[in-house]
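First comes the structure, then the notes that go with it.
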Amino acid sequence: MKNPSVILFSAILISGVCLRADDFGTHGVIYPIEEEDPIQLIQQKLKAMEERGELERHNKELQKKTKASVERPKPVEGITRATESRVFYFNPTHVVREDLKDHLGQVFAKKGTKINPLETVSLSQNLLFFDGDDLEQKEYAQQQFNIEKEKLKLILIKGAPLVLSEEWQVPVYFDQGGLLTKKLGIKHVPALVTQEGLQLRIEEIFLGETE
């Protein structure tokens, strides 16, 4: 039988090694790793910006840019004043690429069907596209509106629609991003769009040479 003192010494030695192994590499207090809440981070950043006055300045700049874009939208690119009169037509007919179904799943237009929206809905107003920064075009647009009244819709490709609308006391629209002029193929203004049968007649109008 082994000496009890040897056994006790061995136990103490093993215990000491284990303790040292458990404590090895530990420096200070250990905290669990947690991800920071992104919402809290944003709130902290906004609070810091507010304290530095940056938030108010940023909001004012944003409001200024928004107001400017509404009062004077970005001009439609690629549109110039007409140097000669030109008439052409736009056929709105399009071919259905796949079966169209209603909310009940019933097919109301089969793939390959040709649809012309003018067969069911007529152009309710003639459209006049013009440059609101061109004095002659403005005068021409105002003259045409005085003749046609509510039958004519005024659409700017450049200028300040709100200012002009207030000045003339009539609705004035803006072709945002050139959506309509690109679709219709309009390159020069003023341009008048009217319906002729199942097509749209587009006339780019030459007002004379600029001085």
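The values are calculated or read from the model by the stated rules, or taken from the named source; none is laboratory data. This structure is a prediction, so every number in the text was calculated from the model and none was measured. Reconstructed Cβ throughout: ideal geometry from the backbone, glycine too, with neighbour counts over all protein chains shown.
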Discussion item. Looking at region 108-119, I want the residues that are touching a residue at least 24 places away in the same chain (Cβ under 8 Å) and have a partner that is assigned to a loop (DSSP other than H, G, I, E, B) with Cβ atoms under 7 Å, at least 6 apart or on another chain. Which pairs are those?
Written reply: 116/92; 116/93; 116/198; 117/92; 118/92; 118/198; 119/198
Worksheet item: How about region 146-187: which of its residues are touching a Ser or Thr at 6+ places or on another chain (Cβ under 9 Å), buried (at least 19 other Cβ atoms within 10 Å of the Cβ) and either not aliphatic (A, V, I, L, M) or not assigned by TED's automatic domain parsing to the domain that holds residue 88 (or both)?
Response: 153, 175
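Of everything in region 94-107, what is part of a strand (DSSP E or B) and more than 30 Å from residue 148 (Cβ to Cβ)? Give them in sequence order.
Taking region 94-107 and keeping what is part of a strand (DSSP E or B), we get 94-95, 100-101, 107.
Answer for region 94-107, where residues must be part of a strand (DSSP E or B) and more than 30 Å from residue 148 (Cβ to Cβ): 95, 100, 101, 107.
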Worksheet item: Out of all the residues in region 108-119, which are part of a loop (DSSP other than H, G, I, E, B) and farther than 12 Å from residue 91 by Cβ?
Response: 110, 111, 112, 113
Worksheet item: (1) touching a residue at least 24 places away in the same chain (Cβ under 8 Å); (2) under 23 Å from residue 121 (Cβ atoms): which one isn't true of residue 156, the others all being true?
Response: (2)
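Do the conditions hold for residue 105, that is, is it under 21 Å from residue 74 (Cα atoms) and surrounded by fewer than 13 Cβ atoms within 10 Å (Cβ to Cβ)? Spell out the reasoning first.
On the way: under 21 Å from residue 74 (Cα atoms): no; surrounded by fewer than 13 Cβ atoms within 10 Å (Cβ to Cβ): yes.
Answer is no for this residue.
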Worksheet entry | helices (runs of 4 or more DSSP H) wholly inside region 120-202 that include at least 1 residues being charged (D, E, K, R) and over 27 Å from the mean Cα position of the chain (by Cα) | 135-148, 161-168
Item to complete: Give the residues of region 78-119 that are at pLDDT 90 or above, over 23 Å from residue 157 (Cβ atoms) and of a type in the set (S, T, N, Q), sorted by residue number.
Response: 93
